[in-house]
1. Is it the case, given these coordinates, that Gln14 is of a type outside the set (Asp, Glu), assigned to a helix (DSSP H, G or I) and touching a residue at least 40 places away in the same chain (Cβ under 8 Å)?
2. Restricting attention to the stretch 53-63, does a residue exist that is under 11 Å from the mean Cα position of the chain (by Cα), surrounded by 13 or more Cβ atoms within 10 Å (Cβ to Cβ), among the β-branched types (Val, Ile, Thr) and outside any helix (DSSP H, G or I)?
3. With the structure loaded, tell me whether Asp41 is of a type outside the set (Gly, Ala, Ser) and either within 15 Å of the chain's Cα centre (by Cα) or surrounded by 10 or more Cβ atoms within 10 Å (Cβ to Cβ) (or both) or whether it fails that test.
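Read-outs: derived from the displayed coordinates by stated rules, not from any lab. What you are looking at is a predicted structure, and each value in this text was computed from that prediction instead of being measured. Positions of Cβ are generated from backbone atoms using ideal geometry, with glycine treated the same way; all protein chains shown enter the neighbour counts.
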Amino acid sequence: MEHKQIPEALLELQLAHRIIRNALAIMTPNQKRIWAEMNADDGCDGEGITRANEREAVIAKMQRGQP
């Protein structure tokens, strides 16, 4: 599906998901640990350091047309 056909919020979540995965691919284990600590300190941690599971669940709901 072309980007123009995907609702804006869904597209942004999908792109953010890919960007975060790309960042993780080049980070050292120590950088990931520091990132996880920063996220926890800010209260935005989840099941993992990037909230990937939570983000994937929202993306799936949006793809099914659910609010």
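1. Yes, satisfied.
2. No, the conditions are met nowhere in the stretch 53-63.
3. Considered against the rule, which asks whether it is of a type outside the set (Gly, Ala, Ser) and either within 15 Å of the chain's Cα centre (by Cα) or surrounded by 10 or more Cβ atoms within 10 Å (Cβ to Cβ) (or both), Asp41 comes out as no.
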